[in-house]
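Below is one structure, written out as structure tokens; the observations come after it.
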Amino acid sequence: MQSLLDHLRARLRREGAMTVADYMNEALTHPWSGYYMHGDPFGAPNLAGGDFVTAPEISQMFGELIGVWCADTWIRLGRPAPCLLVELGPGRGTLMSDALRATRQVPGFHQALQVQLVEISPALRERQREALGAHEVAWLDNVGQIPDAPLLLIANEFFDALPVRQFEQTGEGWAERIVVLDDEDRLAFALAGPSPANRALIPTALHGAPEGSLVEVCPAALNITAFLGHRLARQPGAALIVDYGPAEPTPGPTLQALRRHRRHEVLQEPGTADLTAHVDFATLAQAATLAGCAAHGPVGQGAFLTALGIELRAAQLAEAAPGAAVALAAARRRLTDPAEMGSLFKVLALTPPNVGPPAGFAPA
């Protein structure tokens, strides 16, 4: 079987260049060698396995509180039934499993739900099937397949893995960063010629960025949030986006590769490392509100989880299992401390325009 690197070289010989977004898409989702299409990239805290750790793998408290948020939002929306509970990029299924377990006593909630997971990886679908075997679950290939019905949607560390295009401010305008083959047949970054059309893709707040500034734009993220905005403008529902990045547009670059919890060269050994970039929350919120829904936040993950009661939940779990008290305190700290995940990670909610702020977003 042709390696992904050889496939990319062949494509570049045919086409001459590709955008950074095209490279990310190939490296992450190529059918036979894309990073997410084989194996399990998720690790557990303090273990050597995996390439990165997400919040649901740090502690059950994260998924439980997300589940409570969904149930509370469902009640605020008038208990619609049926109601889709959709997760984008569900990883091992840990978050959804914890969320469903935490809400099984909410009257009518599980009876109203239709659980759907948007996942393209066959390997991860199997892990999710194992984690959620007690529940009826449907799998979708993309957001566009979500049925037209009342909707509760969760996206935890999903948007950071969507392909970004990169643009550099030059003395002659914005030029797109591309991937080419160098003289030694290696993948390398280069700049395409500046184009006036590129300026329209740059967030307005960054139009005046100084020469040499590099800005990342994620068309797929904007398309998805616009899709959600249109849906939530005309029917009951809510979307909860948890990811890492700045509250306002900020020059990059933030694109990075992670393998075995360490930084890795972005263009080396494609398909063997996770590729992520910071999420531009302000631009996501703008895309959603322009489509007709309301946006709440972003707020820091630490403030959000604290408002939902993570300290009380940690105390309850420690009382039930005193031997785990130290580990529970460490997990709570990691999820909420500003020096850990509490500040860099942020939470954005989307709702219909006539719905007030959901739990965790209420004005102080």
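Just so you know, all these numbers are worked out from the coordinates, no wet-lab data involved. This is a predicted model, so every value here is computed, not measured. Positions of Cβ are generated from backbone atoms using ideal geometry, with glycine treated the same way; all protein chains shown enter the neighbour counts.
Here is how the numbers come out for the structure above:
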read-out: Leading residue at positive end of dipole, the chain (Cβ point charges), from HIS261, ALA314, GLY173; value: ALA314
read-out: Relative packing of 142-154, 277-289, 159-171, which averages over residues the other C-beta atoms within 10 Å, highest first; value: 277-289, 159-171, 142-154
read-out: The stretch 53-61 - phi-based ³J(HN,Hα) in whole Hz, Karplus 6.51/-1.76/1.60, Gly and Pro as x; value: 10, 9, 3, x, 7, 6, 7, 4, 4
read-out: Cα gyration tensor, the stretch 146-223 - rounded (a/c under 1.5), prolate or oblate; value: oblate
read-out: MRE, 222 nm, helices only [DSSP H, n ≥ 4, -39500 (n - 2.57), over the chain, to nearest 500]; value: -10000 deg cm²/dmol
read-out: Tensor-based shape of the stretch 241-364 (alpha-carbon gyration tensor, a/c under 1.5 rounded, otherwise prolate or oblate); value: oblate
read-out: The chain shape via C-alpha gyration tensor axes, a/c threshold 1.5; value: prolate
read-out: In sequence order, calculated HN-Hα J values of the stretch 215-225 (Karplus, 6.51, -1.76, 1.60; Hz; x Gly/Pro); value: 10, 10, 10, 10, x, 5, 5, 5, 5, 5, 5
read-out: Placed amide H near LEU113: partners under 5 Å, 5+ positions off or other chain; value: CYS83
read-out: Interchain or long-range residues, amide H under 5 Å from VAL86's placed H; value: GLN116, LEU152, LEU153, ILE154
read-out: Sorted peptide list for 237-248, 56-67, 319-330, 123-134, criterion being average Cβ within 10 angstrom, highest first; value: 56-67, 237-248, 123-134, 319-330
read-out: Pairwise centroid distance, computed over Cα atoms, of the stretch 76-148 with the stretch 325-364, Å; value: 21
read-out: Nonlocal amide H pairs with ALA294, under 5 Å, H built at 1.01 Å; value: THR351
read-out: For the stretch 205-307, size of Cβ-based charge dipole, Lys and Arg +1, Asp and Glu -1, in debye; value: 340
read-out: Dipole moment magnitude, nearest 20 debye, the chain about Cα centre, only Lys, Arg, Asp, Glu C-beta charged; value: 880
read-out: Using alpha-carbon coordinates, inclination of helix 122-131 to the longest axis of the chain, degrees; value: 10
read-out: From phi via Karplus (6.51, -1.76, 1.60), per-residue ³J(HN,Hα) for the stretch 91-104 in Hz, x at Gly/Pro; value: x, 7, x, 5, 4, 5, 4, 5, 5, 5, 4, 6, 10, 5
